[in-house]
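Asks: If you scroll down you'll find the structure; I have some questions about it.
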Amino acid sequence: MADGTAPLRVALAGHVDHGKSTLVGRLVHDTGSLPEGKLEAIRASSAKRGMPFEWAFLLDAFQAERDQGITIDTTQVWLKTAKRSYTLVDAPGHKEFLRNMVTGAAAADGALLVVDAKEGVREQSRRHAYLLSLLGLTQILVAVNKMDLVGYAQSRFAEVAREIESYLESLGVAPKAVIPVSGREGDNVADRSKAMPWYHGPTMVEAIDGFRPSPSPVDQPLRFPIQDVYKFDERRILAGRIESGRLKVGDTLAFAPGGRKAKVASIEAWPEDAKPNEAEAGRSIGITLDDQIFVERGQIGHLEESAPVETNSLRARIVWLGRQPLVRGKRYKLKLATAEHAVEVQTIERVIDTADLASRAADAVAAGEIAEVVLRARSTLAVDDARTMARTGRFVLVDGYDVAGGGTVTLDGHARARRDVIRSTNVKREEGRIALAERWQANGHKSGILWLTGLSGAGKSTLAIELEQHLFRKGWHVTVLDGDNIRHGLSADLGFSPDDRTENIRRIGEVAALFARAGIIVITAFISPYRADRDRVRKIAPDLFHEVHVSADLATCEKRDPKGLYAKARAGKIQEFTGISAPYEAPESPELVVDTGTHSLEACLGQLSDYVERYLGAKSGGA
């Protein structure tokens, strides 16, 4: 009897008309897995159409399939052998239904590839074999079907077997077995064929029983994509499905991209009343954290020691199924786990001919073609290599409103981009021979970073420019770093997602610290909405950092709207706009608060000037 464990999933693939449906129908019957009354229904259906008894009708459930004689939908059939239970996922072979073939094979543990003994290996056979390897399937069983049509000739079987084995070997796959069968007659399906005494290998049932279940996702590193964030009373619950690994209360989770960290305070599970202390792969849960860090849909929770790769440049192998060709330079929507990213096709490295694995350069990829491409996103993606972590290494591309392609991430030769973990090595900071105090002495004032933070329209840039002019006229060494100017150059590659904002502020903080250590007063004018990001900048040069909250309420800022941004955000034309669709975390204990909502520009400038004179002037001590 079957062992009662979860059914093993086997994908069924093969060229149209190579007899896959007939073979599977026979396999289900010969293992005693056919539902009661189904045999009689098939006989009646065949007789109704004036056809011989047709095993394929077991799978070809749709009227269109029966009339056309092809399988066009992805069908699941349950099979039970003496060893275990199986779910057979029928993947259509016709070229126009390649999308269904990919869908059927994506989550399989192994695959059965059917090849017609008379026709031999066809283009679609090779394409399906390539797709199976692309999806990471290494357990592939080949059935050379319709041996009755070639008189059960050993020579013909050997010829076809050599051809398909050679092709699979070129893909890095060794088939578990290549078996001569006849689906219609039942040869070598469940019982050994008397018509082929020269064959001494396993039957199909024996070969399928040799498949091993895929490694349990529980044993893989933790990947917890955030589906949504819910707010109940004082709690923020992060909900999602654990795709791999396990987590427990007390674990320190980091969230990629971005790297923010907090401990799991509780695990919320439904409909259970009791709160579990741990959960593992396959379970949908919610969690609360001990620190209210900013986490959003699409980020992936992971343990610190096993992080995914963060990058905005992605190398991938794709199968294109869209109505319009994939073209270099065009933008698409990429969906990976729960995240969505706008990506641009930066490079089409090669289009692969599945017939002989030859490749060619191209600027476009047509429907049904397979290619290796480089995609670039303005936002940061968190990904894994599909060969080791399929659940966070596979994605789909959306063109308009249609799923137009699927792909797998390959990190071969790809620079890892975890900014908060991967550090440059074999480098050390070089200190100059001019002490900072000497620079202050020569300049006649101290240096520092005046970090102006506040909502768009609060007046940060106006104050920064006025203060710079005021100090420059006094002969002070001063410069302004403004948000728009920085994004034209240093941060031109970044968008406005939380993670891109974090990286933007990190870059600015490092640059500001370099200027300040050179004796210059640096005035920055950035929204910098997250406290954690501002705190991170403070840590770069804690003795030189001065946080200034340029305060004005949202209504005042929106009324000013100097760049027309609030109006666009309200109209949905700008996503992730601070104060409207993205949060602003006001400073809790800034060095100075300047209220531009209730005070004039002159009064606010006076406040700033007085502060600078007090803490950075020559009489402040130390200069």
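Coordinate-derived values only; no laboratory data. None of these values were measured; they are calculated from a predicted model. Methodologically, a virtual Cβ is constructed for each residue, glycine included, from the backbone with ideal geometry; neighbour enumeration extends over all protein chains shown.
Asks: Fewest Cβ neighbours within 10 Å first, please rank 380, 87 accordingly. List each step's numbers first, then the result.
Replies: On the way: 380 23, 87 17.
Taking fewest neighbouring Cβ atoms as first place, the list is 87, 380.
Asks: Using Cβ contacts closer than 10 Å as the measure, can you line up 500, 109 from fewest to most? Walk me through the numbers on the way to the answer.
Replies: Details: 500 21, 109 18.
So the ranking, lowest neighbour count to highest, is 109, 500.
Asks: Please report, for the Cα atoms of region 203-355, the Rg to one decimal and the Dmax as a whole number; what are they, in angstrom?
Replies: 19.5, 62
Asks: Also: On full extension of the chain, what length is gained from residue 473 through residue 434, given 0.36 nm per residue of separation minus the C-alpha to C-alpha distance? Provide the component values of the computation, followed by the final result.
Replies: Working: separation 39, 0.36 × 39 = 14.04 nm, distance 2.56 nm.
Result for the pair: 11.5 nm of gain on full extension.
Asks: Still on this structure, please answer the following. To make sure I understand the rule: partners must be aspartates and glutamates, Cα under 19 Å from the Cα of residue 48, and not fewer than 8 residues away in the same chain. Which ones qualify?
Replies: Reachable aspartates and glutamates: 40, 60, 65, 67.
Asks: Then there's this: Under the 0.36 nm per residue contour assumption, what length would be gained going from the current alpha-carbon distance of residue 269 and residue 511 to full extension? Numbers along the way, then the final one.
Replies: Values: separation 242, 0.36 × 242 = 87.12 nm, distance 4.56 nm.
My answer for the length gained is 82.6 nm.
Asks: A follow-up question, please. Taking the alpha-carbon distance from residue 146 and a cut-off under 17 Å, which lysines remain once sequence neighbours fewer than 8 residues away in the same chain are dropped?
Replies: Within the straight-line limit of under 17 Å, residue 146 reaches these lysines: 20, 118, 194.
Asks: Here is a further query. Which distance in nm do the two modelled labels at residue 163 and residue 335 give, with both placed 7 Å along the Cα-to-Cβ direction?
Replies: Between residue 163 and residue 335, the label points sit 3.8 nm apart.
Asks: Once each part is reduced to its C-alpha centroid, what is the distance from region 488-516 to region 258-317 in angstrom?
Replies: Between the Cα centre of region 488-516 and that of region 258-317, the gap is 26 Å.
Asks: Let me ask you something else. Can you list, largest first and rounded to whole Å, the semi-axes you get for region 436-620 by taking the square root of 5 times each eigenvalue of its Cα gyration tensor?
Replies: Details: eigenvalues 153, 70, 37 Å².
For region 436-620, the ellipsoid semi-axes come out as 28, 19, 14 Å.
Asks: Grab every C-alpha pair in region 309-409, bin the distances at 10 angstrom width from 0 up to the longest one, and report whole percents.
Replies: P(r) for region 309-409, in whole percents per bin: 17, 53, 28, 2.
Asks: Taking the alpha-carbon centroid of each part, what is the distance from region 565-604 to region 366-405 in angstrom?
Replies: 36 Å
Asks: If you don't mind, another one. Sort the following peptides by mean Cβ neighbour count (other Cβ atoms within 10 Å, averaged over residues), highest first: 117-124, 326-333, 543-550. List each step's numbers first, then the result.
Replies: Values: 117-124: 18.4, 326-333: 16.0, 543-550: 20.5.
The packing order, highest mean first, is 543-550, 117-124, 326-333.
Asks: While we're on this one: Please work out how much length the chain gains when fully extended from residue 83 to residue 118, using 0.36 nm per residue of separation minus the C-alpha to C-alpha distance, in nm with one decimal. Don't skip to the answer; put the middle values down first.
Replies: Values: separation 35, 0.36 × 35 = 12.60 nm, distance 3.24 nm.
Fully extending the segment from residue 83 to residue 118 adds 9.4 nm.
Asks: Right, another one. Using all alpha carbons of region 217-303, what is the percent of pairwise distances in each 10 Å bin, ordered from the shortest bin to the longest?
Replies: P(r) over region 217-303, rounded to whole percents: 19, 60, 20, 1.
Asks: Treat each spin label as a single point 7 Å out from the Cα along the C-beta direction, and report the residue 195 to residue 603 distance in nm.
Replies: 9.9 nm
Asks: If you don't mind, there's one more thing I want to ask. Counting pairs on different chains as well as pairs 8 or more places apart, how many Lys pairs in region 472-623 have Cα atoms under 19 Å apart? Before the final figure, lay out each step's value.
Replies: Working: 474/619; 559/568; 559/573; 563/573.
Pairs that pass both the separation and distance tests number 4.
Asks: Would you mind computing, in nm to one decimal, how far apart the modelled labels at residue 614 and residue 585 are, each placed 7 Å from Cα along Cα→Cβ?
Replies: Between residue 614 and residue 585, the label points sit 2.7 nm apart.
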